[in-house]
1. Only bridges whose two residues both fall in the chain count here: according to DSSP, what percent of them are antiparallel, nearest 5?
2. State, to one decimal in nm, how far the label point of ILE19 lies from the label point of GLU81, with both points 7 Å from Cα in the Cβ direction.
3. If you average the sequence gap of Cα pairs under 8 Å that are 6 or more apart and divide by the length of the chain, what percent do you get for the contact order?
4. Leaving out ligands and nucleic acids, and using a 1.4 Å probe, what accessible area per residue does the chain come to in Å²?
5. Expressed as an acute angle from 0 to 90° and rounded to the nearest 10, what is the orientation of the C-alpha long axis of helix 290-305 relative to the principal long axis of the chain?
6. For a protection proxy built on the mean count of beta-carbon atoms within 10 angstrom, sort 218-227, 175-184, 35-44 highest first, please.
7. If the only charges are +1 at each Lys and Arg Cβ and -1 at each Asp and Glu Cβ, what is the size of the charge dipole of region 192-347 around the Cα centre, to the nearest 20 debye?
8. Given (1) 38.2, 127; (2) 21.0, 68; (3) 18.8, 61, which label gives Rg and Dmax of the Cα atoms in Å as computed from the coordinates?
Amino acid sequence: RTVFAGTSPEAFKVRVVSILRNFLPRQDVILIRAEDARVEALGIAAGMSGSPVYVDGRLVGAIAYGWSFAKEPLAGVTPIESMLAESDRPDRPPPDPAPATSPPPASPTPAAEARVPQLRPVTIPLSVSGASDASLSYLGEELHALGLLPVRAGGAGGGATAGAPGPLVPGAAVGVALLSGDMTTTAMGTLTYSDGKRVFAFGHPMFGIGSVSLPLVQGEIHAIIPSLSSSLKMSSPIAEIGTVTDDSRTGVIGELGPRSGTVPLQVRVTRQGIGKRPFTVAIARHRRLLPTLATLALSTALGEAVPDVTNMTAEVTTRLLVRGFAPIELRDYLFTSENLAPRVLAM
């Protein structure tokens, strides 16, 4: 079951082909083939990660793996036993978002993937709204290695909802909101199973960093865009429904109800004494992505308020307020001939 359009999941027929034993350490993967005209035409689309698969009415797992440029709609399914087992681990507090971690392993280049076709996690589309072209390009470069594909789509700008949420049932579109407000950035996948308190989705890791605290949202699918390499779902977030607490090797686990903390960012731009409406976003507390997402929001706000492409000198003053100590002030000067592009601000 998965959402092809709107918020209601639809059934499509699949056939079990084989079992790939020990595909991952101590984890099997079920190989299936879709036997539905829509999926045969589209292939396994980005955003179908987590789509539940049933045999004789019993849940067996979540669609999680596929091939690029595949001629057959084959997919790998993560067994539901493996997904549920991750919730048996003891609770851990989310890691401190401040310390930097080693960069993730770089993904193979498209040329390498074409030479060596492999069963890989289905790409997670990152629905982005309210971003400038330069910001979207920068985001794609930064997130390529993490297996996220930025896609321009609609959003819930300014805190308004995009549409009416549908029933939260297996097969519904759910995602992780990294940015919300005047700009939205949401990693969208599919709900596999819910026991009324917890939800299990995606069937493969988003970042694979373990304990997290990220906003969980329900989504709406506008359309599935067909592609020879990999089709993708175009989506938008509808409403925040809880918190993602675990990003494991078999998917993401979330709790319904509680809201995760975010980092508020407000950008005010005054030009020749005239102030624009403040640009406001809430950023997910993610140790790797917080600097990238803050840069994305700041560059979009500046580009919208001051669109001139010209030589520019910027003085950046940063004041750090630490309880019990005098304020720490840092001052930097930047020069650019291409406006304050994201790459310049990231420096």
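The values are calculated or read from the model by the stated rules, or taken from the named source; none is laboratory data. As the structure is a computational prediction, the values presented were derived from the model and not from experiment. Because the Cβ atoms are built from the backbone with ideal geometry, glycine has one as well, and the counts that use them run over all protein chains shown. These area figures cover heavy atoms from the full protein model, side chains too; ligands, DNA and RNA do not enter into them. Shrake-Rupley method; radii C 1.70, N 1.55, O 1.52, S 1.80 Å.
1. 95
2. Modelled inter-label distance: 0.8 nm.
3. So the answer I get is 17 percent.
4. For the chain, the per-residue accessible area is 49 Å².
5. On a 0 to 90 degree scale, this one is about 60.
6. 175-184, 218-227, 35-44
7. 280
8. (2)
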